[in-house]
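Coordinate-derived values only; no laboratory data. As the structure is a prediction and not an experimental result, all values here were calculated from the model. As a convention, Cβ positions derive from the backbone with ideal geometry for all residues, glycine included, and neighbour counts pool all protein chains shown.
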Amino acid sequence: MYGGSLLSGLILLAELAAATDYGTFLNPANNARMKFRYWLPDASVATATVQSDIKAAGAIGAGAVEFLPLYNYGGSLAGPPVGADWAKYGFGTPAFNEIFKASLQAAKNAGMRMDFALGPSQGQGVPAKTTDYGLHWDLAPFNVSIPANGSYQDSIPGWGAGELVALVSARVLSASTITNPASVTFSTPANNATRLVLAADSLQLHTDQVGEDGTVSLSFNNTKREKHHLFAYYQYQDLVKNLDIENHTTGTIFDNGSYTVDHYSACGAETIKEFWEDHILNDTTIKTLLSEVGTYGWEDSIEINSNISWTPSLPTMFEKLHGYKIHKFLPVLMYGNNNPGVQPSYPGDLECVLDSEDKGAGYVNDFRAALAEGYGDYLDTLTTWLEGLGLGYSAQVSYNLPLDMESNIDRVTAPECESLAFNDNIDGYRQFSGAANVAQKAVISNEMGADLEKALALPLAHLLWQINTAFSGGVNQVVLHGQTYTGDYYQTTWPGYLAFFLLFSDSYMDKQPSWLWGLPDAIGYINRNQFVLHQGQPRIDVAFYNKVSYTDPQLATLYQGSDLVEAGFTYNYLNPNNFNLSQAYVSGSLLAHESPAYQALVVPSYENMTLDAVSVIQGFADSGLHVVLSEDLPGYYSSGNSSEQDAVSAALQNLKNSANVHTITDGQIAFKLQALNIRPRVETITTNNTTWYPVMRTDNSTDYVYVFSKDTSGAGHLVVNSTKTPYTFNSWTGERTPLLFYHLEGNTTKVPLSLEANQTVILAFSDDWKSEVDTPSVHATQVPSNVLGYNYTAAEGLVLHTTTGASGSSHSLKLSNGKTYDISTNATLSPVSLGNWTLTAEHWEAPQNMSDATVIADKHNTTHHLTSLVSWLDIPGLHNASGLGYYSTQFPWPPASSNQTDVSGAYLSLPAISHGLKLFVNGQAVQTLDFAKPLVDIGTFLCNGNNNITAIVPTLMWNYIRSIYDEILISGSKPALTTLPSNVDTGLIGQAKIIPYTNFQFLV
């Protein structure tokens, strides 16, 4: 027994060590690399092609695929094409298991990892018997007006719709018409609903008076001719599907597709678990392969329609949580408690509010808290099961449900958010990442790039902007949406199976010119940033208290002030549930001091507070944490009959008067923190209204700083709370180099910086790398503006690359050892613009046989002479073209205006890269270029005489696809876009120039 326990412990330690081995910055390990979500049309496709697709993803840098059997998005956008048999090839069938097994084997052979959806389409259910108690439940509402005489003797409304949960009556004080908003995303029109104001003291329960035949006899004292209403609620399993087919061919559970499960109790999770154990994991080879290459079982955004979110156990959970029964208050809960994400225009036909002070909001809040409790049981069950298999559970937690998102983020192994709903909003990402950071989740995932109407038209530069935005908000794992199957499929023409029928981007595949000519560079950049964002633990300066009844699925900005961001303060959001995490305690005046070590907690006046939350925050302040009350005291978060409201008010007043608690005016948070000697760990000071977004992570020996300039270009400096030796990490090339120019000021390092829009930089501070990276013993404290770049090696010392200095400017280089050098030059080193380009356009077009989707493209070339670099839309013959552009030009060296002795080399400056670029100088490949600032030293490639520049540029596929749109068929259906987006600018656009420089060399 002892030996077995020791062995198990050693295995566990080895697994934990492997889980935290992120490789190197140059070559990150799989668990720090991006993933592709892989769209499998169904299990009938060619196994060899699926395996080849997975191998191809690894070959261009992906660390894993997220295997998703799509079945035309569950059949919701279009049914099966002619020839497809989704019963025979459905999720969990023998055919599916074989292709699942082969995919796992392909990942293993390619040295990759694989995640997998827990069900088809969104992963929200599995094939099952219709009598399975764990399938999705709904609560159907019905209502009728009581006759004016106050007597009702009839069948109750809706009788037979399901199991009666409650019959409630209420006195109606007024009625009005309200408008449910239209939804552009779901193409749903605005529609009207009715609002009833009910007398709170009139709610009565009559369930036990209903006869077996559904009739009831009720009489109301109606001498005042008051209006009464009767409400009936029935629970039933609606058998809603996440794979919507009905095909009676096999006589098994697979004939009817896949049913979504109950997400508000452990029962739904048990149904998923039992299906996997009985139909997939009973294959020992699959189970072994999952243990070898599997990472996460996964679930997508929750896209289940209903009347009212419900589970049969909810009344019991509700009473246990709140101490009273829910049934009488169901009229208040019947509006806006279905799926606010996918049913925004259909929250219900009838909204009932009470004449009480909070209009009944307390009962709604309590109902949603009970739902969240049940949903937490669902998440816990799946997490425990998957972690017991040596895997993890990743889910887009509560996405679209009427819940407070932050309450359950800690319940899964790898919480995931999505760029679509988060709208590239850093504040929105901060609302998600706070709970995950406190719970010390190693992975905060993001389904990235699902842009509406951008399929085959999403430039990689914009995708990277989205990714940089997510990284700035706390994300550290990207799952690209998504890679598609490249082979033939039923009733599908070239270019093949395009997920979502071109409604959403993107279908990454080898038919996109960027697959080999832009995407690998972008993926390398993503992977290296993720490597850094997995190191150590995050350091966030400020936490905002945030308690809502449910999270807006569109994640609007909560804190509207700009003071914190402008000063460089980082922040995210926590709700009262997060305060209950074991890591959420104060030590050394820091909240959650291990991670993310908040220096202060801000409570805005627009927030609402529970009594428990006030008590916990009071404890934080008493333990030394600074608490800032912004504007005034927050309000009361209603619960039930609001019996705690006075107690909350008193507790808040006591909090306000406590030590370490400060009240400030709006927009003055940063000023107050600085007055308290609380500084940003990475202070940003910029010019030209430029905003930089820093992220800091730290381990035992190194401090990492990632900085993103989101929308504007500008200069400034960082003040970093570290005095270790600084290095720059180049995410495009994988190089680590010592930083030349900085100032040590007390316990901080001041770093001058200039960033273009959408450019990032990574700095790392460590005293442990001097043996790995040539590091000078001194650094510069003043560098002239004409220095373009520098190199340092121990053998050659410091080599500065300088251009002609501006008249009157200082040319002094000052070092930290007190030495000063004059690096002025008499040479005239003027930039030379490059023109007279020859463009060989390699057109990628459909094959003559449009039914052959396996062909990458039919290719032919055209030649174009360009005086300047313009969009393909402006070049005759290329307006509707897609493919590769081979741009070439020549320039003499040395420049005519200088002698050979005047110049040492040159930089090549290219316009911002939209979709990828491979650069060659005199036939030699140049390092990968920063898409946002493509400036590179080409000195080592130059020769006397004519020098050749060649740039290979992939273009967007959309311009050509748009021209053949009517010929395309996907899985038996036409593409879904009814109004086609316009052609998009593509190619190499802007100015290119050669910038000569002179070397100045110093041994330091």
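Among beta bridges identified by DSSP and lying wholly in the chain, the antiparallel ones come to about 70 percent.
Residue by residue, the range 263-276 carries 3J(HN,Hα) couplings of 9, 10, 7, 5, 4, x, 5, 5, 4, 4, 4, 5, 4, 4 Hz when phi is fed to the Karplus relation 6.51 cos²θ - 1.76 cosθ + 1.60 (θ = phi - 60°); x denotes Gly or Pro.
Evaluating 6.51 cos²θ - 1.76 cosθ + 1.60 at θ = phi - 60° for every residue in the range 569-580, the Karplus couplings come out as 5, 9, 7, 8, 10, 9, 10, x, 4, 5, 5, 7 Hz, glycine and proline recorded as x.
Short version: what are the Cα gyration tensor semi-axes of the range 94-232, square root of 5 times each eigenvalue, largest first, in whole Å? Show your work: numbers first, answer last.
Numbers: eigenvalues 508, 94, 25 Å².
Result for the range 94-232: semi-axes of 50, 22, 11 Å.
Amide H contacts under 5 Å for ALA414: TYR393, SER394, ALA395, restricted to partners 5 or more places along the chain or on a different chain, H placed in the peptide plane at 1.01 Å from N. Largest first and in whole Å, the equivalent-ellipsoid semi-axes of the range 262-332 read 36, 13, 11, each the square root of five times a Cα gyration tensor eigenvalue. Along the charge dipole of the chain, pointing to its positive end and built from +1/-1 on Cβ of Lys, Arg, Asp and Glu, which listed residue (ILE99, ALA450, HIS915) has its Cα farthest out? Toward the positive end, the furthest listed residue is HIS915. Restricting the range 67-158 to trypsin sites (Lys or Arg not before Pro) that sit in a DSSP loop and have at most 16 other Cβ atoms within 10 Å of their own Cβ leaves LYS129.
Within a straight-line Cα-Cα reach of under 16 Å, LYS129 can be paired with the following aspartates and glutamates, leaving aside sequence neighbours fewer than 8 residues apart in one chain: ASP238, ASP244, GLU246, ASP255, ASP262, GLU270, GLU274, GLU277, ASP278. Spherically averaged projected area of the convex hull of Cα atoms, the range 832-1002: 12.4 nm². Within straight-line reach of LYS993, meaning a Cα separation under 17 Å, sit the following aspartates and glutamates at least 8 residues removed in sequence or on another chain: ASP930, ASP937.
The structure shown yields P(r) over Cα pairs in 20 Å bins from 0, in percent, and of the options (1) 12, 39, 35, 12, 2, 0; (2) 11, 34, 31, 20, 4, 0; (3) 10, 25, 22, 15, 12, 10, 6, 1, 0 that calculated value carries the label (1).
Over the residues of the range 537-675, compute the C-alpha Rg and express it relative to 2.2 N^0.38 Å. Walk me through the numbers on the way to the answer.
On the way: Rg = 14.3 Å, N = 139, 2.2 N^0.38 = 14.3 Å.
That ratio works out to 1.00.
Helix 284-293 and the longest principal axis of the C-alpha atoms of the chain enclose an angle of approximately 50°. Candidates ASN677, GLY376, SER642 compared by Cα position along the dipole of the chain: farthest toward the positive end lies ASN677, with charges placed on Cβ. Here is the size of the range 392-435 from its Cα atoms: Rg then Dmax, 10.0, 28 Å.
Between ARG225 and LYS129, what length in nm is gained on full extension when 0.36 nm per residue of separation is reduced by their alpha carbon distance? Intermediate results must be reported in sequence, preceding the final value.
Values: separation 96, 0.36 × 96 = 34.56 nm, distance 5.09 nm.
So the chain would gain 29.5 nm between ARG225 and LYS129.
If only the Cβ of Lys and Arg carry +1 and only the Cβ of Asp and Glu carry -1, the dipole of the chain around its Cα centre is close to 2060 debye. Against the compact-protein benchmark of 2.2 N^0.38 Å, the Cα-based radius of gyration of the range 682-822 scales to 1.05. Here the sum of -39500 (n - 2.57) over DSSP H runs of 4 or more residues, divided by the residues of the chain, equals -6500 deg cm²/dmol at 222 nm, to the nearest 500. Please grab the % of Cα pairs in the range 468-591 that end up more than 18 Å from each other. Looking at the range 468-591, the distances longer than 18 Å represent 70 percent of pairs.
If you line up the long axis of helix 94-109 against the longest principal axis of the chain, both from Cα atoms, how many degrees apart are they, to the nearest 10? Taking Cα atoms only, the helix is inclined about 30 degrees. For LYS227, the lysines whose Cα comes closer than 23 Å to its Cα, not counting residues fewer than 8 places off in the same chain, are LYS328, LYS359. Principal semi-axes of the equivalent ellipsoid, √(5λ) from the alpha carbon gyration tensor of the range 154-196, are 29, 18, 8 Å from largest down. Checking the cross-link pairs LYS101/LYS287; LYS35/LYS55; LYS320/LYS656; LYS750/LYS933; LYS241/LYS320 against a 21 Å limit on the alpha carbon distance flags LYS320/LYS656; LYS750/LYS933; LYS241/LYS320 as lying beyond it.
Taking only C-alpha pairs under 8 Å that are 6+ residues apart, what is the relative contact order of the range 739-884 in percent?
Details: 180 pairs, mean separation 22.1, N = 146.
15 percent.
Relative to the longest principal axis of the Cα atoms of the chain, the long axis of helix 519-533 makes an angle of roughly 70 degrees. For the range 145-223, the alpha carbon convex hull comes to 143 Å³ per residue, rounded to a whole number. Restricting the range 664-760 to GluC sites (Glu not before Pro) that sit in a DSSP loop and have at most 15 other Cβ atoms within 10 Å of their own Cβ leaves GLU735.
Annotation for the range 567-667: chymotrypsin sites (Phe, Trp or Tyr not before Pro) lying in DSSP loop with at most 15 further Cβ atoms inside 10 Å of their Cβ are TYR606. In units of the rule-of-thumb radius 2.2 N^0.38 Å, the range 294-394 shows an alpha carbon radius of gyration of 1.29. With θ taken as phi - 60° and the Karplus curve 6.51 cos²θ - 1.76 cosθ + 1.60 applied, the whole-hertz 3J(HN,Hα) list for the range 38-43 is 9, 8, 8, x, 6, 7 Hz, x standing for glycine and proline.
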